[in-house]
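The values are calculated or read from the model by the stated rules, or taken from the named source; none is laboratory data. Since we're looking at a predicted model, the values are computed, not measured. Neighbour counts are summed over all protein chains in view; Cβ atoms, including those assigned to glycine, are modelled from backbone coordinates with ideal geometry.
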Amino acid sequence: MASGAPVAPARTDVWGQLTGYTPEVLCASDLDDRVCELVTEVLLVAAAEWGNYGPTEYWVMGADEGAAIDLIGVNCDRRDAARQQSRSSCMDRNTADDYGMLSYQAVDAEVVASGQASLDAGRNGMRDWNIHYFTSSLPIGFAGMFNIPFANEQKAVFHEYFHAVQHAHIQSDNFDERDDLLGPTWFVEGGAEFMAQTASQRLRDSGALTASDWNPLAERMTWTMEEVRYWMSSNPGTSVSQIQYGPDQGIAYSYGSWAHAWLADRFGPDALLESYYPRVNDLGFEGAFQNAYGMSATELIAEFDQFVLLPIQEQLQILPG
Ligand SMILES: [Zn+2]
């Protein structure tokens, strides 16, 4: 370090503690301000609902490549100033890497070119930086495109923020350990999806979120159950609970969201956040599951696979009012 260079302030590791910072939304300059406002609203409401885990940075890309590169520069200046990454390696990673920020701009450019709706968003770390770091392509519904309702985008941002809640409860900075503690794909993604579907619906109904018409929750969950049944009948002898991230991951989201609906009905809607997550860091996935639900994940899957065969009208009874 050159003499006279500022010394990075000592940081206390406050991972997993609630924070007073509001989530930060950083949008590419080609986006309409309204899009950024709507994303911010959802994050504030989600943080108020599930706890404000932060600091949270939510970077939103548009279709314009120049604007995307400018925003990547803003990000990389920040990473460099915080000594998390040098500016040049940050720029390289985010413009070249398949998962870099520019790949989200590429999704938007493809939407414009093809006229096909598409959205990609992810929580991409960063335990090492002590922040929840999200990148999203343009929330096309918030931009008024393709007649996608705001409600669909509200649900998507809730889903992403739930990943911050999950990660806030895991302390390790080792990637594989974190991955183990997160649990199987159906559990992680199904949890985010079920919580997002139900909480965003309730908070839209209460007026906390901007109003938007969408198919009722029961109808959305009916489509989801139809996918699960179709997959199960097309893949006899295979359990969706074994599906991992990859080409078939969507079915794990659908299956997991209903499995979480089942758990919430049987053990109460607060068991996940009040019993399961507070213990997962110490007990691991299986241990925390057993502790919160009094059954193993294998037992749940055996019971739940029977539930999937029930008539839809009976299944819909377990959804929150
Ligand atoms: Zn997810």
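Scan the stretch 126-174 for residues that are farther than 26 Å from ASP32 by Cβ, away from the ligand (no atom under 16 Å from the Cβ) and out of contact with any Ser or Thr (no Cβ under 8 Å at 6 or more places or on another chain) and jot them down.
The answer is MET126, ASP128, TRP129, ASN130, GLN171, SER172, ASP173, ASN174.
Answer with yes or no whether GLN244 is within 15 Å of the ligand (Cβ to nearest atom), in a loop (DSSP other than H, G, I, E, B) and not assigned by TED's automatic domain parsing to the domain that holds LEU119. First the steps, then the outcome.
Details: within 15 Å of the ligand (Cβ to nearest atom): yes; in a loop (DSSP other than H, G, I, E, B): yes; not assigned by TED's automatic domain parsing to the domain that holds LEU119: yes.
Spelling it out, GLN244 is indeed within 15 Å of the ligand (Cβ to nearest atom), in a loop (DSSP other than H, G, I, E, B) and not assigned by TED's automatic domain parsing to the domain that holds LEU119.
For the stretch 80-106, give me the residue count where each residue is away from the ligand (no atom under 16 Å from the Cβ), assigned to a helix (DSSP H, G or I) and not small (Gly, Ala, Ser).
Result for the stretch 80-106: 11.
Let's see how each residue does on (1) away from the ligand (no atom under 16 Å from the Cβ); (2) of a type in the set (Asp, Glu):
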position: LEU26; (1), (2): yes, no
position: ALA46; (1), (2): no, no
position: TRP50; (1), (2): no, no
position: MET61; (1), (2): yes, no
position: ASN75; (1), (2): yes, no
position: ARG78; (1), (2): yes, no
position: ASP108; (1), (2): yes, yes
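Residues checked against (1) of a type in the set (Val, Ile, Thr); (2) exposed (fewer than 14 other Cβ atoms within 10 Å of the Cβ); (3) outside any strand (DSSP E or B); (4) at pLDDT 95 or above:
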site: ALA2; (1), (2), (3), (4): no, yes, yes, no
site: ALA5; (1), (2), (3), (4): no, yes, yes, no
site: ARG11; (1), (2), (3), (4): no, yes, yes, no
site: TRP15; (1), (2), (3), (4): no, no, yes, no
site: GLY20; (1), (2), (3), (4): no, yes, yes, no
site: CYS36; (1), (2), (3), (4): no, no, yes, yes
site: VAL45; (1), (2), (3), (4): yes, no, yes, yes
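Could you check how many residues of the stretch 267-290 are more than 21 Å from HIS163 (Cα to Cα) and in contact with a Leu (Cβ under 9 Å, 6 or more places away or on another chain)? Spell out the reasoning first.
Quick first cut of the stretch 267-290, residues more than 21 Å from HIS163 (Cα to Cα) only: 267, 290.
Pick out the ones that are also in contact with a Leu (Cβ under 9 Å, 6 or more places away or on another chain) and you get 290.
Going through the stretch 267-290 one residue at a time, the tally reaches 1.
Take the residues in the stretch 200-222 that are polar (S, T, N, Q) and surrounded by 15 or more Cβ atoms within 10 Å (Cβ to Cβ); name whichever of them is nearest to PHE158 (Cα to Cα). I'd like the intermediate steps shown before the answer.
Let us first name the residues in the stretch 200-222 that are polar (S, T, N, Q), namely 200-201, 206, 210, 212, 215, 222.
From the residues that got through so far, the ones that are surrounded by 15 or more Cβ atoms within 10 Å (Cβ to Cβ) too are 200-201, 210, 212, 222.
On the way: SER200: 7, GLN201: 10, THR210: 14, SER212: 15, THR222: 20 Å.
It comes out as SER200.
Being of a type in the set (A, V, I, L, M, F, W, C), at pLDDT 95 or above and exposed (fewer than 13 other Cβ atoms within 10 Å of the Cβ), is that true of even one residue in the stretch 223-246?
Checked against the condition, which is being of a type in the set (A, V, I, L, M, F, W, C), at pLDDT 95 or above and exposed (fewer than 13 other Cβ atoms within 10 Å of the Cβ), the stretch 223-246 yields at least one hit.
Would you please list the contacts, defined by Cβ atoms under 6 Å and residues six or more apart or on different chains, that run from a residue in the stretch 151-177 that is at positive phi and not assigned by TED's automatic domain parsing to the domain that holds SER206 to a residue that is within 15 Å of the ligand (Cβ to nearest atom) and not in a helix (DSSP H, G or I)?
none
Does LEU309 satisfy the condition of being in a helix (DSSP H, G or I), touching a helix residue (DSSP H, G or I) at 6+ places or on another chain (Cβ under 9 Å) and not β-branched (Val, Ile, Thr)? Full working, then the answer.
Details: in a helix (DSSP H, G or I): no; touching a helix residue (DSSP H, G or I) at 6+ places or on another chain (Cβ under 9 Å): yes; not β-branched (Val, Ile, Thr): yes.
Judged against the criteria, LEU309 is not a match.
Could you check, for the stretch 185-200, whether at least one of its residues is more than 14 Å from the ligand (Cβ to nearest atom), over 15 Å from LEU273 (Cα atoms), aromatic (Phe, Trp, Tyr) and part of a helix (DSSP H, G or I)?
Scanning the stretch 185-200, I find no residue that is more than 14 Å from the ligand (Cβ to nearest atom), over 15 Å from LEU273 (Cα atoms), aromatic (Phe, Trp, Tyr) and part of a helix (DSSP H, G or I), so the answer is no.
Does at least one position in the stretch 87-99 carry a residue that is touching a residue at least 24 places away in the same chain (Cβ under 8 Å), out of contact with any Phe, Trp or Tyr (no Cβ under 8 Å at 6 or more places or on another chain) and within 27 Å of ASN152 (Cβ to Cβ)? Talk me through it step by step, then tell me what you get.
Initial filter on the stretch 87-99 (touching a residue at least 24 places away in the same chain (Cβ under 8 Å)): 95, 99.
Applying the additional criterion that residues be out of contact with any Phe, Trp or Tyr (no Cβ under 8 Å at 6 or more places or on another chain) yields 95, 99.
From the residues that got through so far, the ones that are within 27 Å of ASN152 (Cβ to Cβ) too are 99.
Within the stretch 87-99, one or more residues are touching a residue at least 24 places away in the same chain (Cβ under 8 Å), out of contact with any Phe, Trp or Tyr (no Cβ under 8 Å at 6 or more places or on another chain) and within 27 Å of ASN152 (Cβ to Cβ).
Out of TRP262, TRP223, I need the residue that is assigned to a helix (DSSP H, G or I), free of Cβ contacts under 8 Å to residues at least 12 places away in the same chain and under 21 Å from the mean Cα position of the chain (by Cα). Which one?
Numbers: TRP262 fails: free of Cβ contacts under 8 Å to residues at least 12 places away in the same chain.
Of the residues listed, the single one that is assigned to a helix (DSSP H, G or I), free of Cβ contacts under 8 Å to residues at least 12 places away in the same chain and under 21 Å from the mean Cα position of the chain (by Cα) is TRP223.
Per-residue answers, yes or no, for (1) modelled with pLDDT of 90 or more; (2) small (Gly, Ala, Ser); (3) surrounded by 20 or more Cβ atoms within 10 Å (Cβ to Cβ):
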residue: GLY115; (1), (2), (3): no, yes, no
residue: MET126; (1), (2), (3): no, no, no
residue: HIS132; (1), (2), (3): no, no, yes
residue: GLY141; (1), (2), (3): yes, yes, yes
residue: ASP176; (1), (2), (3): yes, no, no
residue: THR185; (1), (2), (3): yes, no, yes
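Taking interchain pairs and intrachain pairs at least six residues apart, which have beta carbon atoms under 6 angstrom, with the first residue in the stretch 117-128 and touching a residue at least 40 places away in the same chain (Cβ under 8 Å) and the second within 16 Å of the ligand (Cβ to nearest atom) and in a strand (DSSP E or B)?
From residues that are touching a residue at least 40 places away in the same chain (Cβ under 8 Å), the pairs are ARG123/PHE134; MET126/TYR133.
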